[in-house]
Amino acid sequence: MTCDEAGELLDAFIDGELPGEQLLDVARHAGGCAVCDATVRKLSAVRHSLAGSLDAEAASLDLAGVWSAVSSGMAREDARRTSIRRWRAAPAWAAGLAMAAGAMLWLSTPPAHEVQRVAAARPRPNQTVIDRLDSDSARLELRRERKYGTTLIMVSAEGDGQ
Amino acid sequence: MTRRPLGAAFGSVLGFATALAAAPCTATALDVKVTSVRAFASGPSDAQLIGLRPRLRRLVGYRSFRVVGEESRRCTWGMRESFTVPGGRVMYVVPKGMREQAVVMQVKLLDGSRALVDTDVRLQNRGVMLFGVDQQAKSSDGALIIMLRAED
């Protein structure tokens, strides 16, 4: 493998996107070539510094509110388990009576609270909704990436010949 | 006798008109950034795209990305702004408003008089969407990727 050939693949090598055989070829070449080795180190440093800044941002997030929410959730769960234990300890006739009353209440109440439970899905950072799309291009393609919701509208430079 | 009420009425109309004219300037800005990126089948990529590179590769299919133009502008709601794109193309952006944390806008990518893309979109605030122009005749020329970012 030459330096030019390795140079073409270095970005993908750093990103870990090369198939096994090519990964080994680039690694072998960089192991014996000071110039390519230095380039790999430089690219790795940039990648690590970027990852470091993201980690720092994540570390600076205020998660105090999260813990209080978790804590109250745990308290609710504990209370639920305690009440189940009490029900189990109650006489069978009392439990049956309570279940019948509960069923009556459930049947007579409109399920309004169910609607409130449906939480809207959190939008992704690049989520895009396309309300209208027109093109004079010969080719129009819509691509979407799942993780961030990034949308790409791809067209060709050539016209449709009309 | 009638001059005073007339003067007061004229003054209040003038004041109202001035306030109305000044209002859109205070809270109607949208920051739009258009970055043009040339995508190639192979070769190195620009360091500023290092975080986006894997995502661009998955979406676009090319492996190398280089920034060839960048333009940031503060846009006024309802007003059309034009951004120059390499290859003699122009991108027009008309921000229309905010809806559920998304920027509602019309985006038009023109190649001469031909509309390569004419679309109405709702882009998440501070989000990025991409437009790609592929050169079918000469695949070695790669593709042009236009990254559009909008922030209220």
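No lab work stands behind these numbers, since they all come straight from the coordinates. All figures in this text were calculated on a predicted structure; none of them were measured in a lab. Note: ideal-geometry Cβ built from the backbone for every residue, glycine included; neighbour counts use all protein chains shown.
Can you pull the mean other chain C-beta count within 10 Å for peptide B:108-115?
Partner Cβ neighbours, averaged per residue: 3.
Within 10 Å of each residue's Cβ, count the other Cβ atoms and sort B:Lys33, A:Lys147 from fewest upward.
Least to most surrounded, the residues fall as A:Lys147, B:Lys33.
Based on the Cβ-Cβ distance from B:Gln106 to A:Arg41, what FRET efficiency comes out when R0 is 51 Å, to the nearest 0.05?
So, using R0 = 51 Å, E works out to roughly 0.65.
Mind grabbing the base-10 log of I(q)/I(0) for segment B:82-152 at q = 0.16 Å⁻¹? Debye formula, identical points on the C-alpha positions, no solvent, two decimal places.
For the requested q values the scattering log ratios are -0.59.
Would you kindly derive the ³J(HN,Hα) couplings of segment B:52-62 from the backbone phi angles with the Karplus curve 6.51 cos²θ - 1.76 cosθ + 1.60 (θ = phi - 60°), listing them in order in whole Hz, with x for Gly and Pro?
8, 3, x, 5, 4, 4, 5, 7, 8, x, 8
Could you check the simple spin-label distance between B:Asp118 and A:Cys33, using points 7 Å along Cα→Cβ, in nm with one decimal?
Going by the 7 Å Cα→Cβ label model, 5.0 nm.
For B:Ser42, project a label point 7 Å along Cα to C-beta. Then give me every residue of segment B:60-104 with its amide nitrogen under 15 Å of that point.
Inside the label zone: B:62-65.
Residue by residue through B:55-65, how many Cβ atoms from other chains fall within 10 Å of the Cβ on average?
Across B:55-65, the average partner-chain Cβ count within 10 Å equals 4.
Between A:Asp4 and A:Asp134, with labels modelled 7 Å along Cα→Cβ, what's the label distance in nm to one decimal, could you check?
Distance between label points: 4.8 nm.
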